[in-house]
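First comes the structure, then the notes that go with it.
Rule-based calculations on the coordinates, nothing more; no lab input. Remember, predicted model here, so these are calculated numbers, not experimental data. Here the Cβ positions follow ideal geometry from the backbone for every residue, glycine too, while neighbour counts run over all protein chains shown.
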Amino acid sequence: MKLDKLIRIDLNLLVILQVLLEEQNVTRAARRLNLSQSALSKQLAKLREMLDDPLFQRTAYGLKPTAHAQQIAERLPNLLQGLSDLTQPPAFVPASSDRQFSFAMVESAYETLLTRFIGKALQQAPNVRFSSYVWTEHSLQALLMGQMDFGITGRDLTPQTGELFENLPRELVCQTLFTHQQVCLVRQGHPALLAMANDCWDLDFYLSQSHVQVRCEGNDWWALDYHLARSGQHRKLSVIVPDFYGASNICAYSDLIFTVPASFAKHAVDIYPLIELPLPLAFNPMAYVLLWHQRHRDDPGHQWVRQSLLVSAKMAQLTQDAPSPHQTRL
């Protein structure tokens, strides 16, 4: 594209040309453009010079477009419509949109949030496409660079500071979707169930057991492990895997304990022969958070997705708060 030549083009002349092509009559064109006939003739002279073509021939029936003008007439309406669209405020009509939105998400949010969101979203916007990727240590950078529209990840709440992220780039916006507690999953017949029945399910018993852990954002430790370490305590992380379902499967057929967000636990116990136990220590709840770039703040499409996710998150919170038939309480 030769921008230096485009700078010298008066776009108003293209509007005048479109009206002349439609009317093929100077008097009617001048009236539509609110110009005098002499003023319109001067603009037509500029058009002929700019396009290096006479454009019209005068006849007894009005103006007859030249071959070049007829070729322009085939493309000019779409060009002007495109320019007009650029000047309009952004709009998003779900029923007719074919936009694509991308997410980077922690795996535990899929069952809890995305399944509630996708079905209803596609009912409203059947041609919209959603692409989902696993949340990693590189996802924040992808949001900054515009490679991803949204991020959904988990962060432990810290009452002292209220901060979910350390040094979150100022270009990114963070909003809490819903919160939940951490719980434990064990296989049916696990020794922890007997300890629970005998009122021995406590921190000492918990730390005496072996655990399976999911590696998140490239880290083997979760916030819980750092919390324990501050008091000189540690879990025995015997197995570390990359995904929640793999950890649940291992937990279901071993004596390993899987500490997991409560919202995911509700789904895991429906799939695997697992029992949910409360975490035997006081620990801050976890928040699922939605991230996006400031540049999309006023984009109607992004606003629609964000609002739809918030509605789905509210339903997820209500479901999580309901008691589970597989849950054992202290």
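May I ask you to compute the full-extension gain from T66 to N12, defined as 0.36 nm times their residue separation minus their alpha-carbon distance, rounded to one decimal in nm?
17.4 nm
Extension gain, R230 to Q141, is 29.0 nm, computed as 0.36 nm per intervening residue step minus the present C-alpha separation. Excluding same-chain neighbours fewer than eight residues apart, the aspartates and glutamates reachable from K236 by a Cα-Cα span under 17 Å are D202, D204, D220, D225, D255.
Calculate, for L279 and R48, the FRET efficiency according to 1/(1 + (r/R0)^6) with r their C-beta to C-beta distance and R0 51 Å; round to the nearest 0.05. Working shown, then result.
Values: r = 81 Å, r/R0 = 1.58.
Plugging the Cβ-Cβ distance into 1/(1 + (r/R0)^6) gives 0.05.
When shorter helices are ignored and each DSSP H run of at least 4 residues is given -39500 (n - 2.57), the per-residue value for the chain at 222 nm works out to -12500 deg cm²/dmol. Among M286, M50, M145, the residue with the largest mean-square fluctuation in a Gaussian network model of the chain, with springs joining Cα atoms closer than 10 Å, is M50. Comparing L55, L143, L168 in a Gaussian network model of the chain, where Cα atoms under 10 Å apart are tied by springs, the biggest mean-square fluctuation is seen for L55.
For the chain, the share of alpha carbon pairs falling in successive 10 Å distance bins from zero is 5, 20, 21, 14, 11, 8, 8, 7, 5, 1, 0 percent. Under a Gaussian network description of the chain, with springs only between Cα atoms under 10 Å, the residue in D156, D53, D202 that fluctuates furthest is D53. Determine the distance separating the Cα centre of the range 48-93 from the Cα centre of the range 239-291; give it in Å without decimals. So the separation of the two Cα centres works out to 64 Å.
The reciprocal of the average 1/r between distinct C-alpha atoms defines the Kirkwood hydrodynamic radius, which for the range 185-330 equals 17.0 Å.
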